[in-house]
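Below: one structure in structure tokens.
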Protein chains: 2
Amino acid sequence: MKRVLRSSYRTIRDELLRRISTRVWKPGELIPGEEALAEEFGAARATVNRALQELARTGVVERRRKAGTRVVLHPVREARFVIPLVRQAIEEEGKTYRYRLVASRGERVPGDVAASLGISAGLPLMHVRAMHYADDRPYQFEDRWINLEAVPAARTAPFDVQSPNEWLVENAPFSRATFSFLADRAREEEAVLLELREGDPVLVGERITFLVDRPITFVRLVHPPSHRMVSEL
Amino acid sequence: MKRVLRSSYRTIRDELLRRISTRVWKPGELIPGEEALAEEFGAARATVNRALQELARTGVVERRRKAGTRVVLHPVREARFVIPLVRQAIEEEGKTYRYRLVASRGERVPGDVAASLGISAGLPLMHVRAMHYADDRPYQFEDRWINLEAVPAARTAPFDVQSPNEWLVENAPFSRATFSFLADRAREEEAVLLELREGDPVLVGERITFLVDRPITFVRLVHPPSHRMVSEL
DNA sequence: ACCAGTAATATGTATAGACATAATAAGTCA
DNA sequence: TGACTTATTATGTCTATACATATTACTGGT
């Protein structure tokens, strides 16, 4: 039973996707069941199932037991942005990466950061500020708070040679994280370090990481306005 | 068949993830093969395979034939942001959505937009500008160019009652899209409509969509600086 | 009309077995 | 030593079959 026509879950997935994006099957419409598709493509149901599950994961179709599979009404597509290490991102652009520590010391955590981490204000955390350069031009300012209760080793970590980001990746596991992006005005210190004027628009990424509900670190990553976050889909 | 211990690909996946995030298996390390894991968990290799493939898709492990599966060295996690329809996003926040058309007419496309779409400048495109409000407060300004060659019906579409975003979702299929986000200064018109001052920082999303290499539309979505794009991970 | 209980059904998951494929390791010859 | 060739191996994919589970559809009773 040697399939003359090669048929993998990929080709099935792509063909289904084609029918959806060319409106052979319209939004909201019910598409044939797995059995029927399996027969049409001369494949096993498991193979069709895999193709459909991938489409469901990417949000193209919705599946419910007994009810069947239907094309999603409003394609709430999701964009995926990779959040690489700064060094990696810069070197992949073919540029030279440079790191510089600005300051690193224990400090009492201010209210807004404490709130983000869900701890009480005034606790002593590690506060590390550092710059990342691409071809000697300012690329990112990293303003980070580290919970010393969760990561005591951070107090004596060598942040003058290794960025807190990389150090944490190697030394502090995390299980959950929250990202957000926003536009903000450059604060005074940020403006100086990024070679902007105070109040200039900057693209800010904020990340909070936890290890099973225990807050690890809060970081504000500030980019000059030329910076873009890009995603293909 | 008797599995006393229930064991699905989910529990296997979660257990593997636990071992990785608690550094039982450290970054860069090779983990046992599928056969071995299958035996350990008392499952079929296909089941272990499914668990491992999910971990690979989320970027936790890297797999290569013959070489085996290893924990990724630098967890280049990717953040997924859902890009819903504006109306949906606002209503999910429990706010009231309102739409207002600002202007809609054929225009010669300026150079920068033409370049983004990969067409020659000066061609006549549809230029639509509109506002989206949440509880009567400015939420997003939509500044869109539509390729009339690809979507001729856009010339006479009722953009005064339906936002170009929604109209396109229902009337123009696309196969590929590019998103990018950046921080910018509010332009004059944007500042007025968003009730900001000119030059205030705004979070801008740009989207370009294609149907098999044929450019469909370019849109600039401008949000006031209070806006955040959030992603859990 | 209404509700509860039951049957029917599409998808979800697991399995053993088989072959495909990519990449490394080992072996061979110049 | 180095350049090919071949064997080995872990993952990739497919199949047929079976049972699980969530929902819908039906059915009878009040």
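Read-outs throughout are calculated quantities, based only on the coordinates presented, and are distinct from any laboratory measurement. Please read all numbers here as calculations on a predicted model, not as lab measurements. We place every Cβ from the backbone using ideal geometry, glycine too, and count neighbours over all the protein chains shown.
Grab every C-alpha pair in segment A:68-205, bin the distances at 10 angstrom width from 0 up to the longest one, and report whole percents.
Using 10 Å bins, I get a P(r) of 10, 33, 36, 13, 6, 2 for segment A:68-205.
Under the convention of a label 7 Å out along Cα→Cβ, give the distances in nm from B:N49 to the same position in every other copy, shortest first.
1.4
To continue, here is another question. Wrap a convex hull around the Cα atoms of chain A, take a quarter of its surface area, and give that in square nanometres. Present the calculation step by step, with values, prior to reporting the outcome.
Values: hull surface 71.9 nm².
Average projection, Cα convex hull of chain A: 18.0 nm².
Non-local amide H neighbours of A:A172 (under 5 Å, H modeled in plane, Pro and chain starts lacking H): which ones?
Residues meeting the criterion, in which the H sits 1.01 Å from N, do not exist here.
Any idea how far the Cα center of segment B:168-191 sits from the one of segment A:95-146, in Å?
Spelled out, the Cα-based centre of one part sits 32 Å from the other.
Calculate one ³J(HN,Hα) per residue across segment B:52-59 by plugging θ = phi - 60° into the Karplus curve 6.51 cos²θ - 1.76 cosθ + 1.60, and present them in order as whole Hz with x for glycine and proline.
With coefficients 6.51, -1.76 and 1.60, one gets 5, 5, 5, 5, 5, 5, 7, x Hz.
While we're looking at this one, here's another question. Could you run the Karplus curve 6.51 cos²θ - 1.76 cosθ + 1.60 with θ = phi - 60° over segment A:145-161 and give me ³J(HN,Hα) per residue in whole Hz, x for Gly and Pro?
10, 10, 6, 5, 5, 7, 10, x, 5, 5, 4, 10, 5, x, 6, 6, 10
I need the inter-copy label distances for A:R187: point set 7 Å along Cα to C-beta, values in nm with one decimal, smallest first.
3.2
Mind listing which chymotrypsin sites (Phe, Trp or Tyr not before Pro) in segment A:131-207 are in a DSSP loop and have 14 or fewer other Cβ atoms within 10 Å?
Qualifying residues, ordered by number: none.
For the protein assembly as shown, with only Lys/Arg (+1) and Asp/Glu (-1) charged at the beta-carbon, what is the dipole magnitude about the Cα centre, in debye rounded to 20?
Working: 74 positive and 66 negative charges, 454 e Å.
Computed charge dipole of the protein assembly as shown: roughly 2180 debye.
Same structure, new question: In a GNM of chain A with a 10 Å cut-off on Cα contacts, which of A:E198, A:E62, A:E91 has the highest mean-square fluctuation?
Looking only at A:E198, A:E62, A:E91, the largest GNM fluctuation is found for A:E62.
Sorted from shortest, what are the nm distances separating the label point of A:R105 from equivalent points in the other copies, each placed 7 Å from Cα along Cα to C-beta?
Reported distances to equivalent positions: 6.0 nm.
List every residue whose amide H lies under 5 Å from the amide H of A:V109, counting only residues 5 or more places away in sequence or on a different chain, with H placed 1.01 Å from N in the peptide plane.
A:G122, A:L123, A:L125
Starting from the amide H of B:E29, placed 1.01 Å from N in the peptide plane, find each other amide H under 5 Å away whose residue is 5 or more places distant or on another chain.
Long-range HN contacts for B:E29: B:V71.
Determine the shape class of segment A:9-71: with a ≥ b ≥ c the square roots of the Cα gyration tensor eigenvalues, call it rounded for a/c under 1.5, and otherwise prolate if a/b is greater than b/c, oblate otherwise.
Values: a/c = 1.44, a/b = 1.21, b/c = 1.19.
Rounded shape, in that the Cα axes give a/c under 1.5.
Determine the shape class of segment B:167-207: with a ≥ b ≥ c the square roots of the Cα gyration tensor eigenvalues, call it rounded for a/c under 1.5, and otherwise prolate if a/b is greater than b/c, oblate otherwise.
Details: a/c = 5.11, a/b = 2.03, b/c = 2.51.
It comes out oblate by the Cα gyration axes.
Moving to a separate point now. Counting Lys and Arg as +1 and Asp and Glu as -1, each charge on the Cβ, what is the dipole of segment A:72-166 about the Cα centre in debye, to the nearest 20? Mind showing how you got there, number by number?
Working: 12 positive and 13 negative charges, 23 e Å.
Computed about the Cα centre, the dipole is about 100 debye.
Considering the alpha-carbon set of the protein assembly as shown alone, what are its Rg and its Dmax in angstrom?
Rg and Dmax of the protein assembly as shown, Cα atoms, are 24.9, 72 Å.
Per DSSP H run of n ≥ 4, the term is -39500 (n - 2.57); total these for chain B, divide by its residue number, and report the mean residue ellipticity at 222 nm rounded to 500 deg cm²/dmol.
It lands at -7500 deg cm²/dmol.
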